[in-house]
Amino acid sequence: MSSALPPSRPDIAANLAFVKAKLVKAAADPAHPPRLIAVSKTMPPEAVREALAAGHRLFGENRVQEAMAKFPPLRAEFPDLELHLIGPLQTNKVREAVATFDAIQTVDREKLARALAAEMQKQGRRPDCYVQVNTGEEPQKAGALPLEADALVRLARDELGLPVIGLMCIPPAEEEPAPHFALLAKIAARNGLNRLSMGMSSDFEVAAQLGATEVRVGSAIFGARPSA
Ligand SMILES: *Cc1c(COP(=O)(O)O)cnc(C)c1O
């Protein structure tokens, strides 16, 4: 038989410490670095457990179904765990999403905002909301267009009463992220919002410099995901 090495396992605790140190260094205000959302999509519960054992409590998932399968037992054990939805939300999953997540970062259209408002009313649970902005105006990407973002914030927060606390963006993969982060910060400022979810494994330091309050980092913590 071959003597292949075992597949290399990322050192999750070390990676968390490394990313957190970099965030402190890059942060506009080192006393208030962005919060690190460990993006655990496609990763098994054991990987999340390793992060929990290292003291980490804030996680992001991009699918409602996957989060519902993975997190309830972990939450039972770690009541201070916090889980954010960072992937697209269909209106037929709104009930599960409101029940499962502490924040929904992907409010991107009126229909979804209305469904969330109705469901929060029903459940008496109010996860924080972020409006997702398609800063690159990419046709295939979710998010309100920059020119529509103000109207969506106004509707969601002021008319429907959703707890909208910030904005989120995913810049185009092939572009410099900085102008997109700066645009998101500008839209947030003119709407009186102070949370900015921006920056991933490849650009979280740039995001931290430009005022991110949450960065969403997956592969730099958990290792490469199996390609879909
Ligand atoms: C997967 C994902 C991330 C994390 O991506 P990495 O490059 O692995 O850090 C961040 N944000 C969103 C919306 C994602 O879907």
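Residues are listed down the side, and each one gets a yes or a no for (1) more than 11 Å from the ligand (Cβ to nearest atom); (2) part of a helix (DSSP H, G or I); (3) touching a His at 6+ places or on another chain (Cβ under 6 Å); (4) farther than 18 Å from Gly60 by Cβ:
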{"position": "Leu162", "(1), (2), (3), (4)": "yes, no, no, yes"}
{"position": "Ile165", "(1), (2), (3), (4)": "yes, no, no, no"}
{"position": "Gly211", "(1), (2), (3), (4)": "yes, no, no, yes"}
{"position": "Arg216", "(1), (2), (3), (4)": "no, no, no, no"}
Inset, instruction - Under 7 Å between Cβ atoms, at least 6 apart or on separate chains: pull out the pairs that start in region 105-117 with a residue that is closer than 17 Å to Leu184 by Cα and end on any residue that is part of a helix (DSSP H, G or I) and open to solvent by less than 10 Å² (accessible area, probe 1.4 Å). - result: Val107/Ala113; Val107/Leu116; Val107/Ala156
Inset, instruction - For Ala47, indicate whether it is outside any strand (DSSP E or B) and under 25 Å from Leu196 (Cβ atoms). - result: no
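Out of curiosity, is Glu205 surrounded by 20 or more Cβ atoms within 10 Å (Cβ to Cβ) and of a type in the set (Asp, Glu)? If you could, list the steps in order and put the result at the bottom.
Numbers: surrounded by 20 or more Cβ atoms within 10 Å (Cβ to Cβ): no; of a type in the set (Asp, Glu): yes.
No; evaluated as a whole, the condition is false for this residue.
Here are some residues: Glu66, Glu46, Glu77, Glu110. Which one is within 16 Å of the ligand (Cβ to nearest atom) and surrounded by fewer than 20 Cβ atoms within 10 Å (Cβ to Cβ)?
Numbers: Glu46 fails: within 16 Å of the ligand (Cβ to nearest atom); Glu77 fails: within 16 Å of the ligand (Cβ to nearest atom); Glu110 fails: within 16 Å of the ligand (Cβ to nearest atom).
The unique qualifying residue is Glu66.
The values are calculated or read from the model by the stated rules, or taken from the named source; none is laboratory data. Treat the numbers as computed from the prediction; the structure is a model and nothing was measured. Ideal geometry is used to build each Cβ from the backbone, glycine not excepted, and the neighbour counts take in all protein chains shown. The protein model used for the area step is the full one, side chains on, heavy atoms only, and it has no ligands, DNA or RNA in it. Shrake-Rupley method; radii C 1.70, N 1.55, O 1.52, S 1.80 Å.
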